[in-house]
Structures are given as structure tokens and as C-alpha cells.
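Peer 1: Below is the structure I would like to discuss, written out as C-alpha cells.
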Amino acid sequence: MSVQYYEGIGRRKTSSARVRIVSGSGNYIVNNKPIEEYFTRLGDTQIVLEPLQTAGYEGKLDMSVKVQGGGVSGQVGAVRHGLARALLELEPGLRPVMRAGGYLTRDARMKERKKPGLKRARKAPTYTKR
């Protein structure tokens, strides 16, 4: 007998997260570590768990996450996005609430590429008259 889980894939910048939720007691694992151990910055775990609080499932579900790529803030956003999508699979009636909170919107902002002749994406070399 297999355990029924719900899966959501979230993305942010260059990070990608596969989030699986299953009924349980509030055990949150990210890349085989407890969530507080993986996301050590102040407030990051709060941001990740916002969709659960909004849906009223805090402490009622176990979450298992595989996240890769990008930096800390990108991974936080990817996990949050994936969690919201997984909650939608669990309960499709949550869509308006998740939409209103902005949890289902894929944040499309990426790092802008460097342009030829410039130092960075937009910074030009210093102009000298002579």
C-alpha cells in the first residue's frame, strides 16, 4: 500500500523545487534536512510556509522538498511556489485564496544578461573627454 501524496513544482530565478505533501503532523524536510536547518536566514521559513497558513493546513501536513539551483532567496521562492501548487492538487477550491495571496504567480524576474561594450547589463564604461 502506497501513501497518497500531492506534488507541485515551483520555480523562481534559476531555482527549481519539487514539493510533496502528505497528511501528517507538520514535519517539513528540505533536501533531507529540517526546514529550519536548511533555510537559516531569519524569516525564510515563514515565507515558505505562508501558503500553508493561508490555507489553514499548518501542522496538519508533512512536506518533503527537493530544491536545486540558484541562491537562497530563489530557492525560498521556488519552494513557496511549489507548495502552493501542491496545495491546489490537494484541494482545488483553494485557487481564489492562493491567487489573492500571489502564491500561484510564477515570478518571471531573472538576472539580465551582460551586453557587449558594457561592464554589466547596463553599466557603461566611464566617459572621458580626453
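The values are calculated or read from the model by the stated rules, or taken from the named source; none is laboratory data. From a predicted model like this one, the values you see are computed outputs, not experimental measurements. Don't worry about glycine lacking a Cβ; one is built from the backbone with ideal geometry, like all the others, and counts go over all protein chains shown.
Peer 1: Quick check on my filter: what residues within region 64-77 are in contact with a Lys or Arg (Cβ under 6 Å, 6 or more places away or on another chain) and either among the charged types (D, E, K, R) or within 19 Å of N27 (Cα to Cα) (or both)?
Peer 2: S64, K66
Peer 1: What's the number of the condition L87 fails, among (1) farther than 16 Å from Y5 by Cβ; (2) crowded, with 21+ Cβ neighbours inside 10 Å?
Peer 2: (1)
Peer 1: Go through region 4-34 and report how many residues are among the β-branched types (V, I, T) and surrounded by fewer than 18 Cβ atoms within 10 Å (Cβ to Cβ).
Peer 2: Summing the residues that are among the β-branched types (V, I, T) and surrounded by fewer than 18 Cβ atoms within 10 Å (Cβ to Cβ) in region 4-34 gives 4.
Peer 1: While we're looking at this one, here's another question. Filter region 54-65 down to residues that are surrounded by fewer than 24 Cβ atoms within 10 Å (Cβ to Cβ) and hydrophobic (A, V, I, L, M, F, W, C) and give me whichever is farthest from N32 (Cα to Cα).
Peer 2: A55
Peer 1: Looking at the structure I just gave you, is R11 of a type in the set (K, R), outside any strand (DSSP E or B) and at pLDDT 95 or above?
Peer 2: Here the answer is no, as R11 does not meet what is asked.
Peer 1: Filter region 55-103 down to residues that are part of a loop (DSSP other than H, G, I, E, B) and acidic (D, E), then give me how many there are.
Peer 2: 2
Peer 1: Which numbered condition trips up Q68, out of (1) polar (S, T, N, Q); (2) surrounded by 13 or more Cβ atoms within 10 Å (Cβ to Cβ); (3) over 27 Å from A100 (Cβ atoms)?
Peer 2: The failed condition is (2).
Peer 1: Ok, one more. Within region 19-62, how many residues turn out to be of a type in the set (S, T, Y) and closer than 17 Å to R85 by Cβ?
Peer 2: 3
Peer 1: Just wondering, is there one or more residues in region 33-44 that are in contact (Cβ under 8 Å) with a residue 12 or more places away in the chain, out of contact with any Lys or Arg (no Cβ under 6 Å at 6 or more places or on another chain) and within 20 Å of M98 (Cα to Cα)?
Peer 2: Within region 33-44, one or more residues are in contact (Cβ under 8 Å) with a residue 12 or more places away in the chain, out of contact with any Lys or Arg (no Cβ under 6 Å at 6 or more places or on another chain) and within 20 Å of M98 (Cα to Cα).
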